[in-house]
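Read through the structure below, which is laid out as structure tokens, and then see the notes.
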Amino acid sequence: MDRAIKGLAYEGKVSIVAVDTTELVERIRNLHDLTPTTTAALGRVATIAGMMGLTELKEKEDSLTIQINGRGPMGSIVAVVEREEAKALVKVYAQNPNVELPLASNGKIAVGQAVGTDGFLNIIRQNEITKTAYNGLVPLVSGEIAEDFTQYFAQSQQKPTVIALGVLVNKNGVKRSGGYMIQLMPDATEEEISKIEESVSRAQPVSEMLNQDKSLEEIVRTVTGDENALFLISDLGIEFRCDCSKERFADGLASIGKVELDKIIEEDGKANTKCHFCNQEYDFSKEELLEIRKTLE
Ligand SMILES: [Zn+2]
């Protein structure tokens, strides 16, 4: 399983989380048969989703749903993250996973172009027990994901945040993937802020540092410029998990309503459903559909 750590720099005035998501992103690439372009895009989304799961979610019942739709060729992207003790459980999919674009003019994977910029990043926080939901909606900045989430934290949460996400990928798969997130508390000084800015801009891309086998701790010291950064929790994890079930899909079929369901029963006599997140298929026979129909009386 991939590893994640949390810590504090500058005597607690700066909080940090850093993650290695190499296994997670390779798993997602295989599952959705992604191209290098969509691996980079979905890998970045999965990485920030994992970090948010580890920093924003406390209870088992809490979840975050991330929706990105920039009207780019990838279509909409959806990620869901939940928490299970020291682990963030992530699932993600894109409407069009087969998009492959030539490298951008800077030689990098054209994630922004694939995602698009004409749209929004929407983050929905839900609690299963209290049935409450909040959402934060911000316009996309560049479709490059890290910048878009930085904007989300600034606008929606009023938290100055530095986010780096990186996926090193080629035709054979994910070489390294990871990210970090630095958040400044209100008492961080100008001097400390500019030290962080300088350190971040001097540092190599996060996937490159991981590829050089730098530890997450070393990466945090490098990008904060604080040799005395404290690591509070160093055994966090991120993994792929989809919690779909036939029962949930039955609920989904019930939710389309009597008229639509009758139409399916009469015209098709069965229903074949598929989970977007993990590709698991659930088939419903006519008898099963009639059972679901009964619950709607
Ligand atoms: Zn599933």
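Just so you know, all these numbers are worked out from the coordinates, no wet-lab data involved. Everything numeric in this text was worked out from a predicted model, so none of it was measured. Cβ: placed from backbone, ideal geometry, glycine included. Neighbour counts: every protein chain shown.
Listing for the model above:
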quantity	calculated
Relative contact order, percent, region 77-180 [alpha-carbon distance under 8 Å, six or more residues apart]	14 percent
Summed residue charge, Cβ within 11 Å of Pro186's Cβ, Lys/Arg positive, Asp/Glu negative	+1
Kirkwood Rh in Å, taken over region 1-126 so that all alpha-carbon pairs contribute	15.3 Å
Order of Ser201, Ser285 under a 10 Å beta carbon neighbour criterion, fewest first	Ser201, Ser285
Distance histogram for region 91-191 (every C-alpha pair counted, 10 angstrom bins, percent rounded to whole numbers)	12, 35, 34, 16, 3
Reciprocal of mean inverse Cα separation for region 24-71 (Kirkwood radius, Å)	11.9 Å
Proxy reagent accessibility, fewest Cβ within 10 Å first, across Thr38, Thr22, Thr117, Thr47	Thr117, Thr22, Thr38, Thr47
Value of relative contact order over region 246-294, rounded to a whole percent, pairs C-alpha under 8 Å and six or more apart	37 percent
Eligible lysines near Lys87 by straight Cα distance, threshold 30 Å, same-chain separation 8 or greater	Lys6, Lys13, Lys58, Lys60, Lys131, Lys159, Lys171, Lys175, Lys214, Lys246, Lys274
Normalised contact order of the chain, rounded percent, pairs of Cα under 8 Å and 6 or more residues apart	23 percent
Pairwise Cα inverse-distance average, inverted: Kirkwood Rh of region 223-297 (Å)	15.5 Å
Computed helical MRE - 222 nm, the chain, DSSP H runs ≥ 4 contributing -39500 (n - 2.57), nearest 500	-10500 deg cm²/dmol
Average projection area in nm² (convex hull over Cα atoms of the chain, one quarter of hull surface)	17.0 nm²
Net charge of neighbours whose Cβ lies under 11 Å from the Cβ of Lys274, counting Lys and Arg as +1 and Asp and Glu as -1	-2
Cα-based equivalent ellipsoid of region 136-240: semi-axis lengths in Å, sorted from largest, via gyration tensor	23, 20, 13
Neighbour-count ranking [beta-carbon atoms within 10 angstrom, fewest first] of Thr132, Thr21, Thr35	Thr132, Thr35, Thr21
